[in-house]
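Accompanying notes for the structure given below.
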Amino acid sequence: QVQLVESGGGLVQTGGSLRLSCVASRFLISWYNMGWYRQAPGKQRESVADITSGGSTNYEDSVKGRFTISRDNAKNTVYLQMNDLKADDTAVYFCNAKFAQDSYWGQGTQVTVAL
């Protein structure tokens with residue numbers, strides 16, 4: 001069964017850092033465009049960052065310069081390094097893999113930024 005498992009979330013103070021990981025199983029991410037999304041309470045899920053199979057990256061404006069998405073195809077893992085975290089970054093963060101008609105989601109990891 002195809003699976004994406006996120007980890008690395010937690011409680012952090014404003015200005016702190018976290019590194020999220022997303023490990024894929026039963027498929028190879030090297031063919032896939034990978035992305036991180038987040039959903040805050042009462043809000044729609046939004047794209048945070050994505051990285052193509054070729055390594056090109058794209059970021060939502062509010063996280064540019066603070067977040068970095070990367071991938072390690074050998075480890076079948078995608079990462080999101082989050083620095084200078086703000087209260088508005090509080091959300092459940094989800095990993096996504098897309099290729100052609102395929103789209104897989106992880107179960108999410110909670111990130112809470114305390115004032």
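Quick look at the values:
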item: Residues satisfying the stated conditions in segment 69-115, i.e. without any contact (Cβ under 8 Å) to a residue 24 or more places away in the chain and not hydroxyl-bearing (Ser, Thr, Tyr); result: 72, 74, 100, 101
item: Number of positions in segment 6-17 that are open to solvent by less than 80 Å² (accessible area, probe 1.4 Å) and over 11 Å from the mean Cα position of the chain (by Cα); result: 6
item: Residues of segment 33-45 satisfying the condition of being surrounded by 11 or more Cβ atoms within 10 Å (Cβ to Cβ) and farther than 11 Å from residue 71 by Cα; result: 36, 37, 38, 39, 40, 45
item: Test: residue in segment 69-83 that is touching an Asp or Glu at 6+ places or on another chain (Cβ under 8 Å) and part of a loop (DSSP other than H, G, I, E, B); result: no
item: Count of residues meeting criterion [outside any strand (DSSP E or B), within 19 Å of residue 107 (Cα to Cα), without any contact (Cβ under 8 Å) to a residue 40 or more places away in the chain and within 13 Å of the chain's Cα centre (by Cα)] in segment 37-68; result: 0
item: Any hit, segment 20-29, residues being among the β-branched types (Val, Ile, Thr) and part of a loop (DSSP other than H, G, I, E, B); result: no
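Rundown of residues vs (1) exposed (fewer than 15 other Cβ atoms within 10 Å of the Cβ); (2) closer than 24 Å to residue 25 by Cα, yes/no style:
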| position | (1), (2) |
| --- | --- |
| 68 | no, yes |
| 83 | yes, no |
| 95 | no, yes |
| 98 | no, yes |
| 104 | no, yes |
| 109 | no, yes |
| 113 | no, no |
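The values are calculated or read from the model by the stated rules, or taken from the named source; none is laboratory data. Values in this document were obtained by computation on a predicted structure and should not be read as measured data. When we count neighbours, we look across all protein chains shown, and the Cβ atoms used for this are built from the backbone with ideal geometry, even at glycine. For the accessible areas, the whole protein counts, side chains as well, though only heavy atoms, and no ligand, DNA or RNA atoms are used. Shrake-Rupley method; radii C 1.70, N 1.55, O 1.52, S 1.80 Å.
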